[in-house]
Amino acid sequence: MTDFVSLNGPDNSGKSTQVRILAESWDGFCDLGPVHRHDPASWSRVSGPGFGTWWFSASTTEELTYLLFSSHEARSRSRSPERIGLLDRGWYMLLATAIATCAVKESRSIESAWSRILALTGDAGPRPAEIPVLLMPSLDTERSVAVAQKREGIPWAGVYLEYQQYLHRVLLRMARRGVFAEVVSGPSHSIDEMHALISRTITAHGVGIPSTPISRRTDDPRDFVSPPAQ
């Protein structure tokens, strides 16, 4: 049995809500949240009004990639003994984020950006191992972006829209490659239905959690590990 479970997906896919529900459903989980919680000093230096400019323009690909994955390593080390660490955006999500950002920043194709990021991170897969679950609004890229943008309530434009389009493409390519333990897609799932699907996947991988129907609010709070819209 792995020590970590990650929920992954683009903005407004419901992952933060589902992490919270899982954490509340069983005390065997340890909610480790997003990576920025585990290196607040480094993230605070780049956050604020100029965060989007830093993310897409001022930072180098090496700098941003290092920040993402070093924070992930710090997060992994903070897991409480004998508990399963819950990750809001796991290793593959951080990889997809770095690839999509690199494609935008350096005007690269997905394939070129993918190779560039793997050269920086290594090609060994998640470290430490995790059970990764992907939540997607749709398995069609254009539909997925449209649903996520509608949930945002504010139109995406410019570099941020381009980034989101790359991110959805990268995540769906990862899904087709079979890197996720489960892909939960479709905008019509209720919170409880999504929770049931995720729980079933996790249980199939040896994590014994109680089966308790829970109703929760539908919002998926944004945090600054996702670049702000420009």
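The values are calculated or read from the model by the stated rules, or taken from the named source; none is laboratory data. None of the values given here were measured: they were computed from a predicted structure. Using ideal geometry, Cβ is built from the backbone for each residue, glycine included, and neighbour counts are taken over all protein chains shown.
From the set of residues in the range 20-44 that are modelled with pLDDT of 95 or more and of a type in the set (Ser, Thr, Tyr), which is surrounded by the fewest Cβ atoms within 10 Å (Cβ to Cβ)?
That would be Ser44.
Going by the conditions given, is Val133 in contact with a Phe, Trp or Tyr (Cβ under 9 Å, 6 or more places away or on another chain), of a type in the set (A, V, I, L, M) and either within 24 Å of Thr60 (Cβ to Cβ) or free of Cβ contacts under 8 Å to residues at least 60 places away in the same chain (or both)?
The answer is no for Val133.
Cβ-Cβ distance below 7 Å, separation of 6 or more or different chains: which pairs start in the range 68-94 with a residue that is farther than 23 Å from Ser44 by Cβ and end on one that is in a helix (DSSP H, G or I) and not hydroxyl-bearing (Ser, Thr, Tyr)?
Correct list of pairs: Leu86/Val19; Leu86/Leu22; Leu86/Ala23; Trp91/His72; Tyr92/Met174.
Consider Gly158 carefully, then state whether it is without any contact (Cβ under 8 Å) to a residue 40 or more places away in the chain and on the phi > 0 side of the Ramachandran plot.
When the stated conditions are applied, Gly158 does not pass them.
Got a sec? Which helices (runs of 4 or more DSSP H) wholly within the range 1-89 have at least 2 residues that are within 14 Å of Glu130 (Cβ to Cβ) and of a type outside the set (Lys, Arg)?
Details: elements: 15-25, 40-46, 61-77.
Qualifying helices (runs of 4 or more DSSP H): 15-25, 61-77.
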